There are 2 protein chains.
Amino acid sequence: MPTHILSGMRVIEAAAFVAAPLGGMTLAQLGADVIRLDTVGGGLDFRRWPVTEDNTSLFWCGLNKSKRSVVFNLSTPEGRELAMALITAPGPEAGMLLTNFPPRGWLSYEALCEKRADQIQLTLQGDRQGGSAVDYTVNTRVGFPMLTGPQDSDEVVNYVLPAWDLVTGKMAALGLLAAERHRSRTGQGQHVKLALEDMALATMGHLGYIAESQRGQRRGRHGNYLFGAFGRDFKTADGQRLMVVGLTGKQWQSLCDALEMGDAMQAIERQQHLNLRREGDRFRAREAIASVIDAWMAARSFAEATQVLDRHGVCWGKYQSVEEMIETTLPGNPMFSTVDQPGVGAYLSPSLPLDFSAIPRQPAQPAPVLGQHTEQVAMELLGLSGAQYGRLHDQGIVAGPETAQQNR
Amino acid sequence: MPTHILSGMRVIEAAAFVAAPLGGMTLAQLGADVIRLDTVGGGLDFRRWPVTEDNTSLFWCGLNKSKRSVVFNLSTPEGRELAMALITAPGPEAGMLLTNFPPRGWLSYEALCEKRADQIQLTLQGDRQGGSAVDYTVNTRVGFPMLTGPQDSDEVVNYVLPAWDLVTGKMAALGLLAAERHRSRTGQGQHVKLALEDMALATMGHLGYIAESQRGQRRGRHGNYLFGAFGRDFKTADGQRLMVVGLTGKQWQSLCDALEMGDAMQAIERQQHLNLRREGDRFRAREAIASVIDAWMAARSFAEATQVLDRHGVCWGKYQSVEEMIETTLPGNPMFSTVDQPGVGAYLSPSLPLDFSAIPRQPAQPAPVLGQHTEQVAMELLGLSGAQYGRLHDQGIVAGPETAQQNR
């Protein structure tokens, strides 16, 4: 029986930043052998913030958990030859490359196919023409910064969470799994492309924004109101904030019961000729509804208010800082365990959110040290002898953990 | 040769809202036969906004593209029996359920396994205990509303994009593919669980927020600045806005070249004792850098400015509305085609962002009409005769497109 859900699969990752490394890490946490390949000095994301006092990237550690790290000097022909040999190494569940580098030279699909005919490659791009785009420039193009933030403002509001990167990273992992399934049935490898911008544009279609706009319905800026039903932020007497949602009929009924606001809602229905059991009418009457809830919240402490909400099963969430999240939401969650990350120290680290009943849940593993597995992988997968490895190392073509960070 | 990348796979979806239907639609666009199962009257998301004048949900149409729609009366024992038979129907690549309903009664994994021993089920939950949570309440708990929006404000800012739903939906599709791969190798089915809140909490670890906070580094509110390198919004002389990014060394150099701001940057370096080739130092000096760029942008029209930026390969994005995106960004993109959605009309609809070289890209397909495939599926997969179907239909246990929307 396999010990992990993807036991046996091997993916070489030549990538940087969020989307591609996240896709690789997701496969690694699913149990694939994911080998991150970097050049001497580390990738473009090797110092990405947040960093520690000595400039070790917590971001890099977070996105490279459970992988192996191999460092070749990719500015030399010999280093690139080794990289191609690693990417195309034999094995029915190997021969898979995940990259967000331009598919040219040693990373061209055609060149790799000469070494392994059934190679699979997934290339992440900024836009579909391969142009430069990052999460922050993609999000500006799809309209959200103009729809986010205070209703009375005309400022644009950037998202802090790189949402498009996250979605694209998961989609990349999905694309690799689908391509591997196809290969296992047909023997055929392929080059799969995925553009960050396309992921965002497609989502705008999926969520109905494009159809809405093409029909001449223009979405406004609604501040913290949930669109199309009822939801908003509220402040309790002691200054705590919470988001309260009445999206489904059941959620709305719970909220009305909890706040004993049935009469007030009937008054709004009569006055505005609406039926608040309809979600759209709750959106139309959102300001009137919110003012009733405002008054209720302002008269109660957070503890009092949320006790009532919980008793009635209301759907709500507390606005809290990352610090409060760590203190109050993480404890007891079996997905988290304390991991000792080399060069950083101990902190809470997440394993896979997917919980497979057939396989015991694995605790989180640290990220490797840059170059930690160069020798191991070179001997295991490229068949190098110790002497051969030593020679390449002395020539600066491969680098282990003690030399991988040079030039930085 | 298969015509789609997931040809042969069949998934039954019993779900509502964003995450689970998006996961199902992703598999459907990959070519799996995804059958959305609803009760008479449609699911909880059947009227989710945006809607047309006659209350047809553009949201529902967007998230159910390429699926088949089957409607059984799930409030009757016979309807639930039919549902269980459909979920557990034979076939080596069938027997897969995607749901965000509580795994109880006819949706309990144990009950389904009695009918099909190797059943796969993926259950999406709000939080890991099965409690109520939606994207908007999860996002409050992980800290982003306090880190988003104007620096000088202490208001919370909700995200409009349901980012956690999107990531969770893709992760659900990934979980199903991984479980199916495991079953194809071991014969073993399983119940996979995934909580929306866990997806968000794990991501906070992946991106380094948890490690950063546990080390005592407190992330501030940085407005529209990109964290840890250089990036911000700027306004041109004619009032257009654009996001400009200098994340990598190459992007930064392009920006310095384009704006001919090398001397100004050297002055900042001398004054603040920084080295702007280091990304962290660009973040430290962000306000000084931005004021140089502010002046440059304010002296140029959008057309003038972006011509220069493009000539130097600067990474930038225009802040545009959904309307502008449709007008300027969608044309020519082969992912989009005009689809005639029954009950709505024609609009631009996206196919799969993944482009597989082994399979021709398929144009987008419309969502089904509710109940459109009830009869077809009942005869094809449940082996009902026309007479048997007719009897069940007359008894109100199954519903085709003409009766599926009753009670609404």
Filter region B:117-132 for residues that are more than 7 Å from chain A (Cβ to nearest Cβ) and in a loop (DSSP other than H, G, I, E, B); the one that is surrounded by the most Cβ atoms within 10 Å (Cβ to Cβ) is B:Gln119
Check whether at least one residue in region B:91-108 is within 20 Å of the chain's Cα centre (by Cα) and among the acidic types (Asp, Glu), and report yes or no.
no
Residue count, region A:63-98, condition among the acidic types (Asp, Glu) and buried (at least 17 other Cβ atoms within 10 Å of the Cβ), comes to 1
Boolean, B:Thr137 is open to solvent by less than 10 Å² (accessible area, probe 1.4 Å), in contact with a helix residue (DSSP H, G or I) (Cβ under 8 Å, 6 or more places away or on another chain), among the β-branched types (Val, Ile, Thr) and within 22 Å of B:Gly205 (Cα to Cα):
no
Consider A:Gly216 carefully, then state whether it is open to solvent by less than 10 Å² (accessible area, probe 1.4 Å), closer than 27 Å to B:Glu53 by Cβ and within 36 Å of the chain's Cα centre (by Cα).
-> no
Q) open to solvent by 70 Å² or more (accessible area, probe 1.4 Å), free of Cβ contacts under 8 Å to residues at least 60 places away in the same chain and outside any strand (DSSP E or B): does that describe B:Asp340? A) no
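Quick check on my filter: what residues within region B:343-355 are closer than 14 Å to B:Thr52 by Cβ and open to solvent by less than 30 Å² (accessible area, probe 1.4 Å)?
B:Val344, B:Gly345, B:Tyr347
Only one of these is over 25 Å from the mean Cα position of the chain (by Cα) and either in a loop (DSSP other than H, G, I, E, B) or among the aromatic types (Phe, Trp, Tyr) (or both): A:Gly371, A:Gly390, A:Gly383. Name it.
Checking each option against the conditions leaves just A:Gly383.
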Over region B:178-222, the set of residues of a type in the set (S, T, N, Q) and within 30 Å of A:Ile326 (Cβ to Cβ) is B:Thr203, B:Ser213, B:Gln214, B:Gln217
Scanning region B:18-59 residue by residue, the ones that are facing another protein chain (nearest Cβ under 8 Å) and either surrounded by fewer than 24 Cβ atoms within 10 Å (Cβ to Cβ) or among the small types (Gly, Ala, Ser) (or both) total 8
Matching residues in region B:14-44 (touching a Pro at 6+ places or on another chain (Cβ under 7 Å) and of a type outside the set (A, V, I, L, M, F, W, C)) number 0
Quick count over region A:211-269, residues being outside any loop (DSSP other than H, G, I, E, B), polar (S, T, N, Q) and more than 30 Å from B:Leu348 (Cβ to Cβ), is 4
Of (1) of a type outside the set (S, T, N, Q); (2) at the interface with chain A (Cβ under 10 Å from one of its Cβ atoms); (3) open to solvent by 10 Å² or more (accessible area, probe 1.4 Å); (4) in a helix (DSSP H, G or I), B:Glu114 fails just (2)
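Would you check if there is a residue in region B:83-93 being within 14 Å of chain A (Cβ to nearest Cβ) and either free of Cβ contacts under 8 Å to residues at least 12 places away in the same chain or not polar (S, T, N, Q) (or both)?
Within region B:83-93, one or more residues are within 14 Å of chain A (Cβ to nearest Cβ) and either free of Cβ contacts under 8 Å to residues at least 12 places away in the same chain or not polar (S, T, N, Q) (or both).
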Counting only residues in region B:363-404 that are modelled with pLDDT under 95 and under 30 Å from B:Leu348 (Cβ atoms), the one surrounded by the fewest Cβ atoms within 10 Å (Cβ to Cβ) is identified as B:Glu402
Filtering region A:158-180 down to residues that are assigned to a helix (DSSP H, G or I), in contact with a helix residue (DSSP H, G or I) (Cβ under 8 Å, 6 or more places away or on another chain) and facing chain B (nearest Cβ under 7 Å) yields A:Ala163, A:Leu166, A:Val167, A:Lys170, A:Met171, A:Ala173, A:Leu174, A:Leu177, A:Ala178
Counted residues in region B:231-257 being more than 11 Å from chain A (Cβ to nearest Cβ) and farther than 21 Å from B:Ser301 by Cβ come to 3
The condition of being surrounded by fewer than 23 Cβ atoms within 10 Å (Cβ to Cβ), touching a residue at least 40 places away in the same chain (Cβ under 8 Å) and either β-branched (Val, Ile, Thr) or farther than 24 Å from A:Gly143 by Cβ (or both) holds, among B:Arg221, B:Arg286, only for B:Arg286
Scanning region A:307-329 for residues that are more than 7 Å from chain B (Cβ to nearest Cβ) and in contact with a strand residue (DSSP E or B) (Cβ under 7 Å, 6 or more places away or on another chain), the one surrounded by the most Cβ atoms within 10 Å (Cβ to Cβ) turns out to be A:Val314
Of (1) among the aromatic types (Phe, Trp, Tyr); (2) surrounded by fewer than 23 Cβ atoms within 10 Å (Cβ to Cβ); (3) in contact (Cβ under 8 Å) with a residue 60 or more places away in the chain, B:Trp106 fails just (3)
Conditions (1) surrounded by fewer than 24 Cβ atoms within 10 Å (Cβ to Cβ); (2) at the interface with chain A (Cβ under 7 Å from one of its Cβ atoms) -> B:Arg183 fails only (2)
Scanning region A:140-157 for residues that are part of a helix (DSSP H, G or I) and open to solvent by 10 Å² or more (accessible area, probe 1.4 Å) gives A:Arg141, A:Met146, A:Leu147
When region B:186-212 is checked residue by residue, the ones that are more than 7 Å from chain A (Cβ to nearest Cβ) and more than 28 Å from A:Asn224 (Cα to Cα) are B:Gly187, B:Gly189
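The values are calculated or read from the model by the stated rules, or taken from the named source; none is laboratory data. Not measured: the values here are computed from a predicted model. Cβ coordinates were reconstructed from backbone atoms using ideal geometry, including for glycine residues, and neighbour counts include every protein chain displayed. When the accessible area is computed, the model is the full protein with side chains, heavy atoms only, and any ligands, DNA or RNA have been set aside. Shrake-Rupley method; radii C 1.70, N 1.55, O 1.52, S 1.80 Å.
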